[in-house]
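See structure below.
The values are calculated or read from the model by the stated rules, or taken from the named source; none is laboratory data. Since the model is a prediction, treat every value here as computed from it, not as a measurement. Backbone-built Cβ (ideal geometry, glycine too); neighbour counts: all protein chains shown. Note: areas computed on protein heavy atoms with side chains; ligands, DNA, RNA excluded. Shrake-Rupley method; radii C 1.70, N 1.55, O 1.52, S 1.80 Å.
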Amino acid sequence: MTHEMRPKLLLIDGHSMAFRAFFALPVENFTTTTGVATNAVYGFVSMLISLIKEENPTHVCVAFDAPGPTFRTEQYPEYKGTREKTPEDFKHQIPLIAEVLHAMGITTLEKPVIEADDILATLASQGSEAGMDVLVCSGDRDTLQLVTQHVTVLYPRRGVSDLARMTPQAVREKYGVAPVNYPDIAALVGETSDNLPGVPGVGPKTAAKWITQFGDLDNLLAHADDIKGKVGESLRAHLQDVRRNRRLNRLLTDVELPAAVTDVTRKPWDRPELDRLFESLQFRTLRDRLNTIAVAGDDAPAQASGAAIGAQIVDNESISLAQWLGEEAAPFGLAIDGRGTPVNADAWSVAVGRADGEAVVVNLEESDPDQDASLRAWLADPAAPKVTHGIKWIDHALAARGMTLAGVTFDTELAEYLSRPDQRSYDLASIVETHLHVTIDSVDESGQGALDFDDGGANVGLASQSVAIARLAAQQGAQLADAHESALLADLELPVAEMLARMERAGVSVDIDLLRGLDEDFAATAAQCAQEAYDVIGHTVNLGSPKQLQEVLFGELDMPKTKKIKTGYTTDAAALAELFAKTQHPFLEHLLAYRDATKLRQTVQGLLKAVAADGKIHTTFQQTVAATGRLSSTEPNLQNIPVRTQAGRAIRRAFVAGSDFETLVTADYSQIEMRIMAHLSGDDALIEAFRSGEDLHNFVGSRVFGVSVDAVTPAMRSKIKAMSYGLAYGLSAFGLSKQLNIEVSEARSLMADYFERFGAVRDYLHRVVEEARQTGYTETILGRRRYLPDLNSDNRQRREMAERMALNAPIQGSAADIIKVAMLQVDRAINDLGIHSRVLLQIHDELVVEVAPGETEQVTKILREQMGSAASLSVPLDVSVGVGHSWFDAGH
DNA sequence: CCGTCGACGTA
DNA sequence: CGTACGTCGACGGG
């Protein structure tokens, strides 16, 4: 089935985009020799050219706000009342833009009393009805209410060239509600820039929650009395404001216009006029760019960039899904529209695509029972090979529909991460472009698909994604095999992803009351510290503002200057401690204590905010972020819960076993990085240190200082400890002297003594950098690579940075490999025994397990055995295990 | 409004 | 002038 070319209508809010352009481009760079500011014209026209080139619309219209009052200001005189008056340099640019548009054969519209957005809304609705694909380009979020399957809003993110494609999914993801309900949210939250106050205390989160709960604003307002708490009161006190906001943010779709939507086709250019205009505006490059786009009337419009991935959507009502899925042995690409979060996940439609271009899209909301059953069976079949892009995400979305995912043999996101671990993002569209040199139809910036329904109701964008994923896998698979990283994907990262999905969904139970108590305690401490600090200096100051602190410390109090940073002098904890040593000024003590308390409070508040409806915290583990192969944890980050100080560690009391469970067990590797160092370097002395069973730092200290193990003093031990760990990070003598507060010469001789005794460590560190410089990458014990092109940089700073990364990557990365293996082994052992305990968290060298009743002994045994055997190194892997009611109690 | 910076929590 | 992260508040340009 092919798709007929639908007419494409591009609608632009002239004022709003020109205004954005005005602020995005520095006026100094865009002034003609005669002193006329042209930055807004330049930015606007530049954006327009890109849009026309990329989207190739058949119809274009630019709407402007007419001068004078609008019907909104008539209803509410304060509307947009807080806006500063239009900058002088801007005003004259609007007519210039209009002139360029006319010369380009583009229709412009404005109408007294009506705003540009209302014109756009009217045309968008007409266009939709006429079967057009509509793009609305505006910096006014009110236009989001127009978004449908056929209407996409292009919303400027930065400047005017970076536009977010706001499809129904994108709106849902960003605001948590369907586009039609966006104005409901906006009415509740209010709009500062329009001078429309909302309900105090209600932000986008609360608003979205309410709208989801009550369906729409009217129903919410009808049940305003049911809303409990302070926000409920606040809502009832501002009902009128909300109603007014909603009245004002509704865009008109029935404005009488001089042109119908079918009239706004692209007309021929007036070449002489365009040349004259660009000449007088002194836009040389822009004129050249203009000539690269298709002129209206020319046939065969230029492709955006190469070809697009075409998918032939197989009409799933005319075939047997089961049969179609059985026809092909090669892996299918699997793409999903939905939400892949640990909680509130959902899946709306599923696309399954083949590398040859055929695809089936199943709408989960309305698929028939047979089809649903076939799809379920296929998804759950471990023998039916599938390729995903972001398997954990997909797993969550499907799980929300009670669907099991098995048989995923490849994941294009994880594959790309292994091939290029330093990338900032791995969105499907850009990977497809780099590997296949084609674009995907209708993929939004999240890479997770945009609706673009054709007449049959199937989803072209999603289908294209599934096809692209299938094609991508073949190419990446070869690349991965060349790098000997195929097993790393299949046997490590893929199963880890699946396990992480279960860990995230399980969540960790928290004692909310305990957290609330801590919050209050920390708040009280912070308030007291702040007051004491104010008393010392005789006035208040924002202790959280480094800028204001600098004024107090180095201005008022005239303290010695600390280390220089971009914005002046640092006020970090180390510097403040040093200042206190010098000045004994009590302000510093109070400030440091305040910092401690507020930091802890922030942590607690972050946790409280993250507690889901089930009373648990569900973090998200990021598997493709850390370049070394580690995981990271977000929303909230459960890998940086305090442990070092007593007050901080108390927060861990709030993490407890869930209701069907008995206790928590935590197991961690001791000194895993140093053990890896011993293994990789093959240093006999260091290996002996670990085999001897002596305390590592005492052992090393005894060799470095030439005394017996018993004679190593705590001071000696801490120096050794700092140095040992520093070495794995590429520490210099300078850095060591800084940290230990000793002379550089002393640090240097300490390092010399160290390497005298542990020479193979020095040789190894040297070797690893040199090899990486030759090959271009470092490798972990499982063959995970990190590419470091900067090792050959001419820039010393960059080169030395890369050298430290090269030192660290094999060590940190191997530790990451080992704990990932351990996770899988622990998971499997738990499964094999058929017991019900489960791993909840991974904190780089530690696993936290929730233990089902009566399983404590089995679990501790599994942890010791499986973590201990996750790798065979030339030194033992030492695991320490703790059991307790909370994470605090289990700690050791 | 959003990105960046400084600060600081973890391994 | 020690690696790898994430999050917060303040700030400043947009």
Residues A:ARG748, A:ARG773: which one is part of a helix (DSSP H, G or I), farther than 19 Å from A:ASP683 by Cβ and open to solvent by 60 Å² or more (accessible area, probe 1.4 Å)?
-> A:ARG748
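With respect to A:ALA816, is the statement that it is at pLDDT 95 or above and under 31 Å from the mean Cα position of the chain (by Cα) true? Talk me through it step by step, then tell me what you get.
Details: at pLDDT 95 or above: yes; under 31 Å from the mean Cα position of the chain (by Cα): yes.
So A:ALA816 fits the description; yes.
Is at least one residue of segment A:832-839 surrounded by 22 or more Cβ atoms within 10 Å (Cβ to Cβ) and touching an Asp or Glu at 6+ places or on another chain (Cβ under 7 Å)? Full working, then the answer.
Pass one, segment A:832-839, residues surrounded by 22 or more Cβ atoms within 10 Å (Cβ to Cβ): A:837, A:839.
Those still in the list that are touching an Asp or Glu at 6+ places or on another chain (Cβ under 7 Å) too: A:837, A:839.
Yes, segment A:832-839 contains at least one residue that is surrounded by 22 or more Cβ atoms within 10 Å (Cβ to Cβ) and touching an Asp or Glu at 6+ places or on another chain (Cβ under 7 Å).
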Collect the residues in segment A:505-537 that are closer than 21 Å to A:GLY648 by Cα, within 16 Å of DNA strand C (Cβ to nearest atom) and either open to solvent by less than 50 Å² (accessible area, probe 1.4 Å) or in contact with a His (Cβ under 6 Å, 6 or more places away or on another chain) (or both), keeping them in residue-number order.
-> A:VAL508, A:VAL510, A:LEU515, A:LEU518, A:ASP519, A:PHE522, A:ALA523, A:ALA526, A:CYS529, A:ALA530
Apart from one, (1) within 16 Å of DNA strand B (Cβ to nearest atom); (2) open to solvent by 40 Å² or more (accessible area, probe 1.4 Å); (3) in contact with a Phe, Trp or Tyr (Cβ under 9 Å, 6 or more places away or on another chain); (4) not in a helix (DSSP H, G or I) all hold for A:THR540; the odd one out is (1)
Given (1) touching a Gly at 6+ places or on another chain (Cβ under 8 Å); (2) away from DNA strand B (no atom under 16 Å from the Cβ), number of the condition A:ARG804 does not satisfy = (2)
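Only one residue in A:ALA207, A:ALA170, A:ALA186, A:ALA222 is among the small types (Gly, Ala, Ser) and closer than 26 Å to A:ILE52 by Cα. Which one?
Criteria check complete, one pass: A:ALA170.
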Report, by residue number, each residue of segment A:351-404 that is farther than 20 Å from A:ASN316 by Cα and in contact (Cβ under 8 Å) with a residue 60 or more places away in the chain.
-> A:VAL387, A:THR388, A:HIS389, A:ILE391, A:LYS392, A:ILE394, A:ASP395, A:HIS396, A:ALA397, A:ALA399, A:ALA400
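Is there a residue being within 16 Å of DNA strand B (Cβ to nearest atom) and part of a helix (DSSP H, G or I) anywhere in segment A:499-511? Even if it seems obvious, please write down each step before you answer.
To start, the set of residues in segment A:499-511 that are within 16 Å of DNA strand B (Cβ to nearest atom) comprises A:508.
Keeping just the survivors that are part of a helix (DSSP H, G or I) gives none.
Checked segment A:499-511: no residue is within 16 Å of DNA strand B (Cβ to nearest atom) and part of a helix (DSSP H, G or I).
Each row is one residue, and each column tells you yes or no for (1) modelled with pLDDT of 95 or more; (2) open to solvent by 40 Å² or more (accessible area, probe 1.4 Å); (3) more than 16 Å from DNA strand B (Cβ to nearest atom).
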{"residue": "A:PRO112", "(1), (2), (3)": "no, yes, yes"}
{"residue": "A:GLU115", "(1), (2), (3)": "no, no, yes"}
{"residue": "A:ALA124", "(1), (2), (3)": "yes, no, yes"}
{"residue": "A:ASP140", "(1), (2), (3)": "no, no, no"}
{"residue": "A:THR152", "(1), (2), (3)": "no, no, yes"}
{"residue": "A:ARG158", "(1), (2), (3)": "no, yes, no"}
{"residue": "A:ARG165", "(1), (2), (3)": "no, yes, no"}
{"residue": "A:TYR182", "(1), (2), (3)": "no, no, no"}
{"residue": "A:GLY190", "(1), (2), (3)": "no, no, no"}
Quick one: in segment A:608-643, which of the residues that are of a type in the set (Val, Ile, Thr) and out of contact with any strand residue (DSSP E or B) (no Cβ under 9 Å at 6 or more places or on another chain) is nearest to DNA strand C (Cβ to nearest atom)?
-> A:THR624
Selected residue (only one of A:LEU135, A:LEU120 is within 20 Å of A:VAL261 (Cβ to Cβ), under 37 Å from the mean Cα position of the chain (by Cα) and in a helix (DSSP H, G or I)) | A:LEU120
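Can you tell which of A:ALA524, A:ALA574 is near DNA strand B (Cβ under 8 Å from one of its atoms), without any contact (Cβ under 8 Å) to a residue 60 or more places away in the chain and within 35 Å of the chain's Cα centre (by Cα)? Give the derivation first.
Details: A:ALA524 fails: near DNA strand B (Cβ under 8 Å from one of its atoms).
One residue alone meets the criteria, A:ALA574.
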Output the qualifying pairs, or none if there are none: Cβ atoms under 6 angstrom, residues six or more apart or on different chains, first residue in segment A:627-653 and at positive phi, second residue of a type outside the set (A, V, I, L, M, F, W, C) and part of a loop (DSSP other than H, G, I, E, B).
-> A:GLY629/A:ARG784
Is segment A:601-608 home to any residue that is within 13 Å of DNA strand B (Cβ to nearest atom) and either among the aliphatic types (A, V, I, L, M) or more than 30 Å from A:VAL839 (Cα to Cα) (or both)?
-> yes
Would you mind telling me which numbered condition in (1) more than 24 Å from A:PRO69 (Cβ to Cβ); (2) among the hydroxyl-bearing types (Ser, Thr, Tyr); (3) surrounded by fewer than 21 Cβ atoms within 10 Å (Cβ to Cβ) A:THR108 fails?
-> (1)
Listing of helices (runs of 4 or more DSSP H) fully contained in segment A:588-697 that carry 2 or more residues being at pLDDT 90 or above, open to solvent by less than 30 Å² (accessible area, probe 1.4 Å) and closer than 24 Å to A:LEU877 by Cα | A:672-681, A:684-692
Scanning for something under 35 Å from the mean Cα position of the chain (by Cα), outside any loop (DSSP other than H, G, I, E, B), surrounded by fewer than 18 Cβ atoms within 10 Å (Cβ to Cβ) and at positive phi, does segment A:228-249 turn up at least one residue?
-> yes
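Give the residues of segment A:720-741 that are more than 14 Å from A:ASN808 (Cβ to Cβ) and near DNA strand C (Cβ under 7 Å from one of its atoms), sorted by residue number.
As a first pass, look at segment A:720-741 and keep what is more than 14 Å from A:ASN808 (Cβ to Cβ): A:720-723, A:733-734, A:736-741.
Within segment A:720-741, A:ALA722, A:PHE734, A:LYS738, A:GLN739 meet the criteria.
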With respect to A:LYS561, is the statement that it is touching a strand residue (DSSP E or B) at 6+ places or on another chain (Cβ under 6 Å), open to solvent by 60 Å² or more (accessible area, probe 1.4 Å) and either among the charged types (D, E, K, R) or within 11 Å of DNA strand C (Cβ to nearest atom) (or both) true?
-> yes
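For residues in segment A:483-498 being of a type outside the set (A, V, I, L, M) and not in a helix (DSSP H, G or I), which is surrounded by the fewest Cβ atoms within 10 Å (Cβ to Cβ)? Walk me through how you get there before you give the answer.
First pass over segment A:483-498, keeping only residues of a type outside the set (A, V, I, L, M): A:484-486, A:491, A:493, A:495, A:498.
The next check asks that each one be not in a helix (DSSP H, G or I); those that pass are A:484-485.
Numbers: A:HIS484: 12, A:GLU485: 21.
Top of the filtered list is A:HIS484.
From the list A:ALA186, A:ALA208, A:ALA170, which residue is over 30 Å from A:VAL41 (Cβ atoms), assigned to a helix (DSSP H, G or I) and touching a residue at least 40 places away in the same chain (Cβ under 8 Å)?
Details: A:ALA208 fails: touching a residue at least 40 places away in the same chain (Cβ under 8 Å); A:ALA170 fails: over 30 Å from A:VAL41 (Cβ atoms).
Within the list A:ALA186, A:ALA208, A:ALA170, the selection yields A:ALA186.
Considering only segment A:250-296, state which residues are charged (D, E, K, R), part of a loop (DSSP other than H, G, I, E, B) and modelled with pLDDT under 85. Even if it seems obvious, please write down each step before you answer.
To start, the set of residues in segment A:250-296 that are charged (D, E, K, R) comprises A:250, A:254, A:256, A:263, A:266-267, A:270-271, A:273, A:275-276, A:279, A:284, A:287-289.
Now narrow it down to the ones that are part of a loop (DSSP other than H, G, I, E, B): A:250, A:254, A:256, A:266-267, A:270.
The one that is charged (D, E, K, R), part of a loop (DSSP other than H, G, I, E, B) and modelled with pLDDT under 85: A:ASP270.
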Tabulated pairs, segment A:707-735, first within 23 Å of A:HIS679 (Cα to Cα), second among the small types (Gly, Ala, Ser) and more than 8 Å from DNA strand C (Cβ to nearest atom), C-beta under 7 angstrom, 6+ apart or interchain = A:VAL709/A:SER702; A:ARG717/A:GLY701; A:ILE720/A:GLY701
With respect to the numbered conditions (1) hydrophobic (A, V, I, L, M, F, W, C); (2) within 28 Å of A:THR780 (Cα to Cα); (3) more than 16 Å from DNA strand C (Cβ to nearest atom), which one is the sole condition not fulfilled by A:ILE676?
-> (3)
Checking A:VAL541 against (1) within 16 Å of DNA strand C (Cβ to nearest atom); (2) under 27 Å from the mean Cα position of the chain (by Cα), which single condition isn't satisfied?
-> (2)
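Being within 20 Å of the chain's Cα centre (by Cα) and away from DNA strand B (no atom under 11 Å from the Cβ) narrows it down to one residue among A:VAL656, A:VAL625, A:VAL665; which is it?
Values: A:VAL656 fails: within 20 Å of the chain's Cα centre (by Cα); A:VAL665 fails: within 20 Å of the chain's Cα centre (by Cα).
None of the other options fit; the residue is A:VAL625.
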